[in-house]
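Read the structure below first, then the notes.
The values are calculated or read from the model by the stated rules, or taken from the named source; none is laboratory data. Not measured: the values here are computed from a predicted model. Methodologically, a virtual Cβ is constructed for each residue, glycine included, from the backbone with ideal geometry; neighbour enumeration extends over all protein chains shown.
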Amino acid sequence: MLVNVAQTKPKTKEDAKLETHKDFIDIQIPLSGTEIMGYTAAKDCVPEDAPYNAEKDITFFTGLAESYIEVKPGMFAIFFPQDGHAPGITPDGVKKVIVKLKHNTNTQKQSSMETLNLIKNDPWLEPYADAINGRHKHASEKEAELTNKGKQTLSDFASGYLYFGLHRTDNGWVFREWAPNATQISLIGTFNDWKEEKKYSLKRKANGNWEIKLPADAMKHGDLYKLMVHWDGGCGERIPAWTNRVVQDEQTKIFSAQVWSPEKPYKMKKKLSKLLQTRC
């Protein structure tokens with residue numbers, strides 16, 4: 001807690017700037033004379049060009065306050081971080097006590113605000129703090145989910161297509177899918193008349209993974225396929241999450257994955273570096 005006794009100078013409403021504090025609660029107690037204090041919710045304040053001053057824990061805003069209150073000796077005003085206030089409006093100045101209390105909170109929202117320098121260093125973003133913090137929280141939770149709480153990197157996750165999906169091998173084909181809630185999965189397609197067959201049934205592996213290895217003649221380039229997924233209480237057709245080619249039937253408008261393994265793979269006519277230079 002910080003306590004300061006101050007003697008203010010005369011100040012008009014136009015001279016009194018709206019301000020907010022991030023780390024402290026402001027308690028203002030006039031000792032002599034009547035003080036007018038302006039108020040505007042922080043989210044509605046218009047920031048100045050000057051950024052947040054972390055050393056003094058203050059951000060200034062432009063414009064007049066939306067409302068004004070009269071505070072006399074024997075009264076006091078409390079302003080929290082979400083309260084924009086313009087104190088010290090008097091014709092003659094007043095003697096006052098200013099008490100600053102460290103603002104401690106266990107809420108995730110304000111804890112997040114303390115860690116987001118993006119907001120702390122750019123007061124123009126202050127009105128959008130709730131939205132920014134919400135998106136930051138969602139992004140952090142999603143990153144933790146995709147990286148298994150940091151046990152792998154986002155790069156590892158993004159490279160999942162190299163392991164999952166349909167791949168041609170020296171001996172035939174291998175297909176993998178991640179479906180932790182599935183009870184049974186089969187490949188269906190033009191190669192088996194879209195019917196479930198035992199030889200196209202995937203085997204459950206560890207960590208929610210499913211896999212099947214097939215001989216080379218089990219499917220061919222251009223075949224259409226999907227997954228028939230069973231779960232507790234139902235089943236349905238699904239396009240594999242890691243498929244690298246999907247086509248739409250012109251008549252039915254139904255989408256299906258497509259086996260894409262031409263005998264002569266397409267060769268780029270230009271090197272990737274030259275292609276990027278051309279587009280840039």
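A few points about this structure:
- Condition met for Ile212 (of a type in the set (Val, Ile, Thr) and under 27 Å from Asn148 (Cα atoms)): yes
- Between Asn207, Asn171, the distinction of being modelled with pLDDT under 95 and more than 32 Å from the chain's Cα centre (by Cα) belongs to Asn171 only.
- Filter pass, Ile27 being outside any loop (DSSP other than H, G, I, E, B) and either crowded, with 17+ Cβ neighbours inside 10 Å or aromatic (Phe, Trp, Tyr) (or both): no
- A search for C-beta distances below 8 Å between a residue of region 224-248 that is in contact (Cβ under 8 Å) with a residue 40 or more places away in the chain and any residue that is of a type in the set (Asp, Glu) and not in a loop (DSSP other than H, G, I, E, B), counting only pairs 6+ apart in sequence or on different chains, returns Leu227/Glu177; Leu227/Glu237; Met228/Glu237; Val229/Glu237; Pro240/Glu177; Ala241/Glu177; Trp242/Glu177.
- Output for region 65-80, where each listed residue is in a loop (DSSP other than H, G, I, E, B) and either out of contact with any Leu (no Cβ under 9 Å at 6 or more places or on another chain) or of a type outside the set (A, V, I, L, M) (or both): Glu66, Lys72, Pro73, Gly74, Met75, Phe76, Phe80
- Taken residue by residue, region 186-200 has no member that is in a loop (DSSP other than H, G, I, E, B), of a type in the set (A, V, I, L, M, F, W, C), surrounded by 15 or more Cβ atoms within 10 Å (Cβ to Cβ) and out of contact with any Lys or Arg (no Cβ under 8 Å at 6 or more places or on another chain).
- Within region 146-168, being modelled with pLDDT under 90, among the charged types (D, E, K, R) and either under 25 Å from Ser261 (Cβ atoms) or surrounded by 10 or more Cβ atoms within 10 Å (Cβ to Cβ) (or both) holds for one residue alone: Asp156.
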